[in-house]
Ligand code: C2E
Ligand code: MG
Ligand code: MG
């Protein structure tokens, strides 16, 4: 064991706590050939160093009589705190009588002052460190009897000790057998054991000669601490090959491998493997891949998403969601006329700042939370229409976005009608935008819902038109009142012939269906002019205005 640990070539760290400078220097001189020596001038300094230390100090040499905090007090602290109690302490004393009381107080050995026998000091230090390290390893039962690999406790303890002496690039690798319980059930437990044993042997042979180590962490999960390597697919292939050769034909084994490359030593070892495990778990059910790498950015994104999901309810209560309004202008005459507005949600997060809907709407569409937000926006928009009427005598219709999952809400229509009723509005004042791709999801249901809403007087705008895959045939059967041309055509129409042609095509379709078009994302006069020339009469975009809070929007009433 000692040989393996030392083979990485680094020195163990020893903390010398001694107030007299000359003594410190002598000890430093004696010890620094074998050890990395750090010094403290009194007990307080020593305790500070120990509390900051991340488990890298292997031994404390402690003087008893010191100012500020005595060695006896340091010893008491070391023996009362779990983390510090793992470090051996040798007390340095002139008082031969004190031996027994020192050992009773928790010291492991003592060295007499003055320091005139360097070899004795070195020998004592070495012996105590070795004893402690062996004890720590033995404390965590070493070997998994089935595979001959380490147990998880021992594995992590071993890594912690290796880490003191090595900074080589290492990977955390997690291997997992898919549906292992089925293997046990179908082939029998002893066959399951034989498979685990084979995999254990393969991993051990892969590691032989390197200073990587491995354990069996749970029934069918192996952890490998592997010197950084570019390619684990070869290892996976070898293991599968061997398992096949051992004719476990009935078992039909599949192994998943998750790799956390070049582990971050600022994090604890358990976390390196948690991350590798996440990559491994991500492969569950994916029969096209057996190897995945942990991606810290993806993980951060996932944590961010979880944070957003957690915060939705309180954000609604605290009114951190705010509705902005973007005007739509009719440009058919000489002077553009404000005709309506689109309600667009914003999240003013108290800690994360302003979050745009592109960052949370797709996420909330995936888990149903979008319905809560949509209802909030509908209520807000309706009460805003009412306010504008009351305060400015302006009756401006506002369109709200209706998500694809709202379509499946059996209460959709009654909810909308209740909102209108509460604010004294008619259905023609609250326009409903439904994205084109929702139409291809579930045509029949959508047509039924849209027909029913239109009968009630609502007008339906097909949002992002051109981005989905509506067939011309479908378009003729779908009841809509307005097409909103997908923004990307407008964005590129001046630069790219194809986008320009697609804008023209949308205009042709609108004439064929006999519905007006709103062009979104219009930022420049040249775009507006081209669209107008094509016959497009309604424009929404930064050219006129960005989405604005209601307070600022009212300035547009003129
Ligand atoms: P959308 O419904 O197609 O809304 C138009 C988006 O285009 C808005 O982005 C708007 O700010 C942006 N936009 C308008 N004019 C211009 C322009 O000239 N240039 C550029 N570059 N962009 C322009 P926003 O507000 O970030 O919303 C993005 C999408 O998030 C919306 O696309 C909609 O799909 C969704 N969304 C926003 N609010 C809601 C909501 O309350 N409910 C639901 N379900 N979805 C919403
Ligand atoms: Mg929209
Ligand atoms: Mg749109």
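Annotations for the structure displayed:
- For segment 77-100, a tally of residues being in a helix (DSSP H, G or I) and either touching a helix residue (DSSP H, G or I) at 6+ places or on another chain (Cβ under 7 Å) or exposed (fewer than 13 other Cβ atoms within 10 Å of the Cβ) (or both) returns 10.
- Boolean, residue 430 is farther than 23 Å from residue 360 by Cα, in the same structural domain as residue 519 (by TED's automatic domain parsing) and either modelled with pLDDT under 95 or touching a strand residue (DSSP E or B) at 6+ places or on another chain (Cβ under 8 Å) (or both): yes
- Test for residue 259: is it assigned to a strand (DSSP E or B) and either assigned by TED's automatic domain parsing to the domain that holds residue 163 or under 24 Å from the mean Cα position of the chain (by Cα) (or both): yes
- Segment 437-484: number of residues that are within 15 Å of ligand 3 (Cβ to nearest atom), closer than 22 Å to residue 536 by Cα and in a helix (DSSP H, G or I): 0
- Of the helices (runs of 4 or more DSSP H) lying entirely inside segment 129-215, those carrying at least 2 residues that are without any contact (Cβ under 8 Å) to a residue 12 or more places away in the chain and either in contact with a strand residue (DSSP E or B) (Cβ under 7 Å, 6 or more places away or on another chain) or not assigned by TED's automatic domain parsing to the domain that holds residue 36 (or both) are 180-187, 189-207.
- On the stretch given as segment 334-365, residues that are within 14 Å of ligand 2 (Cβ to nearest atom) and outside any strand (DSSP E or B) total 6.
- Verdict on residue 337 being more than 36 Å from the chain's Cα centre (by Cα) and either buried (at least 16 other Cβ atoms within 10 Å of the Cβ) or over 30 Å from residue 307 (Cα atoms) (or both): yes
- Leading residue by the ranking (farthest from ligand 1 (Cβ to nearest atom)) among those in segment 532-558 that are within 30 Å of residue 502 (Cα to Cα), in contact (Cβ under 8 Å) with a residue 24 or more places away in the chain and touching a helix residue (DSSP H, G or I) at 6+ places or on another chain (Cβ under 7 Å): 535
- Residue within segment 268-287 that is loosely packed, with under 12 Cβ neighbours inside 10 Å, over 13 Å from residue 171 (Cα atoms), modelled with pLDDT of 85 or more and assigned by TED's automatic domain parsing to the domain that holds residue 171 present: no
- Candidate set: segment 485-496, residues that are assigned to a loop (DSSP other than H, G, I, E, B) and touching a helix residue (DSSP H, G or I) at 6+ places or on another chain (Cβ under 9 Å); chosen: the one nearest to ligand 2 (Cβ to nearest atom): 486
- Tally, over segment 262-280, of residues that are part of a helix (DSSP H, G or I) and free of Cβ contacts under 8 Å to residues at least 24 places away in the same chain: 3
- Within segment 438-472, considering residues that are within 12 Å of ligand 1 (Cβ to nearest atom) and closer than 14 Å to residue 406 by Cβ, the one surrounded by the most Cβ atoms within 10 Å (Cβ to Cβ): 463
The values are calculated or read from the model by the stated rules, or taken from the named source; none is laboratory data. On a predicted model such as this, the values are computed, not experimentally measured, just so you know. Positions of Cβ are backbone-derived with ideal geometry, glycine not excepted, and every protein chain shown enters the neighbour counts.
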